[in-house]
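One structure below.
The values are calculated or read from the model by the stated rules, or taken from the named source; none is laboratory data. None of these values were measured; they are calculated from a predicted model. Positions of Cβ are backbone-derived with ideal geometry, glycine not excepted, and every protein chain shown enters the neighbour counts. Surface accessibility is based on the protein's heavy atoms, side chains included, excluding ligands, DNA and RNA. Shrake-Rupley method; radii C 1.70, N 1.55, O 1.52, S 1.80 Å.
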Amino acid sequence: MQILGIDIGGSGIKGAIVDTITGELVTKKFRLPTPRPATPMKVAKTVQKLVNHFDWKGDVGAGFPTPLFHGKCLSGSNLHPEWKGVQADTLFKSVTGLEFTVINDADAAAEAEMHFGAGKGKDGLVAVITLGTGIGSGLFYNGVLIPNSVLGHVSYKGEPYEKYAADSIRKQEDLSYSKWGKRLNKYFRHIELILSPDLFIIGGGASAKLHKFIDQINIRTEIIPAENKNEAGIIGAAVGAFDKVK
């Protein structure tokens, strides 16, 4: 089944038509800059431009960079404060006339990884942790998504852990990979204590650099790098919509 997948980010909104059986993009990606300010209607109109670019008439899946509850934004995150309380799927449907499934962007990336990447065929409790501007997470039990985990927001010294150990903090503070790895060790030990997962999969830009800091992480749970990279958000958004309509 083909579904239009859209990855909505703080700097860009990109999409492609996805074959949800193979996980392959059947069109080239198309990207538009995220409008400024990124208010709900401005973002919705940009999404409509993306839909029009593909002349798409079917179901749409969208990965969205805020915590969500059944498609409702629980905060404005890094988009705009006006997003808090907005039913994003209903808004996009009202503007485009199409059925939307909206899931958290980290959940979307994790969906791609579990269906077509390093998590394929992995049972038990798997935590896909994305290290980037923040720390995103996608939790799966026997291949089924447990949505909206937001594990980057667990607390460390009164602040979210992502303010201490995200990849953006490594760059901002010019940390060596060794020092950053020690921070990540604290984070993963904490998450391991809470969840006792069977596997950690590291996504985001840090997935290609796991070898630079893995020696600093001393936990019992296996850690492996993600395989899907730039297209993960698009693919996972489409898969999330497919899971809803199939």
extent check for the stretch 22-166: Cα max minus min per principal axis, descending, whole Å, gives 41, 39, 24
Checked the stretch 64-121 with the C-alpha gyration tensor, a ≥ b ≥ c its square-rooted eigenvalues, rounded below a/c of 1.5, otherwise prolate if a/b is larger than b/c and oblate if not; verdict oblate
Long-range share for the stretch 105-211, i.e. C-alpha pairs more than 16 Å apart as a percent of all pairs, stands at 54
Restricting to Cα pairs under 8 Å and 6 or more apart, the percent relative contact order of the chain works out to 22
To the nearest 20 debye, the stretch 1-78 has a Cα-centred charge dipole, built from +1 on Lys and Arg Cβ and -1 on Asp and Glu Cβ, of 400
Rounded to the nearest 10 Å², the accessible area of THR46 using a 1.4 Å probe with every protein chain kept is 10
The size of the Cβ-based charge dipole (Lys, Arg +1; Asp, Glu -1) of the stretch 164-223 about the Cα centre, to the nearest 20 debye, is 200
Other residues with Cβ under 13 Å from the Cβ of GLU222 give, with Lys and Arg +1 and Asp and Glu -1, a net charge of 0
Here the percent of antiparallel bridges among DSSP beta bridges lying wholly in the chain, to the nearest 5, is 60
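So which trypsin sites (Lys or Arg not before Pro) in the stretch 1-64 end up in coil per DSSP with only 16 or fewer other C-beta atoms within 10 Å?
In loop regions of the stretch 1-64 (DSSP not H, G, I, E or B), the sparsely surrounded trypsin sites (Lys or Arg not before Pro) are LYS28, LYS29, LYS57.
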Partner lysines whose C-alpha sits under 28 Å from that of LYS49, ignoring same-chain residues fewer than 8 away, are LYS14, LYS28, LYS29, LYS57, LYS72, LYS84, LYS93, LYS229, LYS244, LYS246
Computed over the chain, protein heavy atoms only, probe 1.4 angstrom, the accessible area per residue in square angstrom equals 46
For VAL239, VAL154, the accessible-area ranking with a 1.4 Å probe, largest leading, is VAL154, VAL239
Treating only Lys and Arg (+1) and Asp and Glu (-1) as charged, each at its beta carbon, one finds that the stretch 92-143 has a dipole about its Cα centre, in Debye to the nearest 20, of 40
Looks like the stretch 1-52, by Cα gyration tensor root eigenvalues a ≥ b ≥ c and the a/c under 1.5 rounded cutoff (else prolate when a/b is bigger than b/c, oblate otherwise), is prolate
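Quick check on the stretch 155-213: take the gyration tensor over C-alpha atoms, sort the square-rooted eigenvalues as a ≥ b ≥ c, and tell me if it's rounded (a/c under 1.5), prolate or oblate.
oblate
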Rg/Rh of the chain (Cα atoms, Kirkwood Rh), to two decimals, equals 0.96
Label model pair VAL26, ILE214: point-to-point distance (7 angstrom along the Cα→beta-carbon line) in nm is 3.6
With the dipole of the chain defined by +1 on each Lys or Arg Cβ and -1 on each Asp or Glu Cβ, the option from ALA206, GLY119, ALA165 whose Cα lies farthest towards the positive pole is ALA165
Carbon and sulfur atoms account, in whole percent of the 1.4 Å probe accessible area of the chain, for 50
Rounded to the nearest 10 Å², the accessible area of LYS93 using a 1.4 Å probe with every protein chain kept is 90
